[in-house]
Amino acid sequence: MAWVIGRTAALSDPEAARRKALEKLHGLAELDDPESLVVPILVDAILLAETYRGARHPMPFVDELTTSVDALLRELTLTEKSRLWAAE
């Protein structure tokens, strides 16, 4: 299976690469069980971001991934707290 974004394209024009990836992800709505594919990727992204947090040599996109993971975890924490407060 050929992928539409290569390493060189991603590094030379990250915004265009993100747009291409987003276009590809629009197809998730057509899958029978998209969560079964997306959730493991999210778990891996969280672990990858945590693994490289504070690394001596920055890796392309890991800083952005860490920021995205932090935002996701922050939103999930707020949702959990809101649900707990509503249950009280």
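The values are calculated or read from the model by the stated rules, or taken from the named source; none is laboratory data. In this text, all values refer to a predicted model and were calculated from it rather than measured experimentally. Every residue, glycine among them, receives a Cβ derived from its backbone with ideal geometry; neighbour counts consider all protein chains shown. Accessible surface areas use protein heavy atoms only, side chains included; no ligands, DNA or RNA. Shrake-Rupley method; radii C 1.70, N 1.55, O 1.52, S 1.80 Å.
What the table below lists for this structure:
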{"item": "Test: residue in segment 2-9 that is of a type in the set (A, V, I, L, M) and within 21 Å of Met59 (Cα to Cα)", "result": "yes"}
{"item": "Helices (runs of 4 or more DSSP H) contained in segment 10-88 and holding at least 2 residues in contact with a Ser or Thr (Cβ under 9 Å, 6 or more places away or on another chain) and open to solvent by less than 60 Å² (accessible area, probe 1.4 Å)", "result": "34-52"}
{"item": "Selection from segment 38-66 of residues that are modelled with pLDDT under 85, closer than 26 Å to Lys24 by Cα and either among the polar types (S, T, N, Q) or more than 10 Å from the chain's Cα centre (by Cα) (or both)", "result": "Met59, Pro60, Phe61, Val62, Asp63, Thr66"}
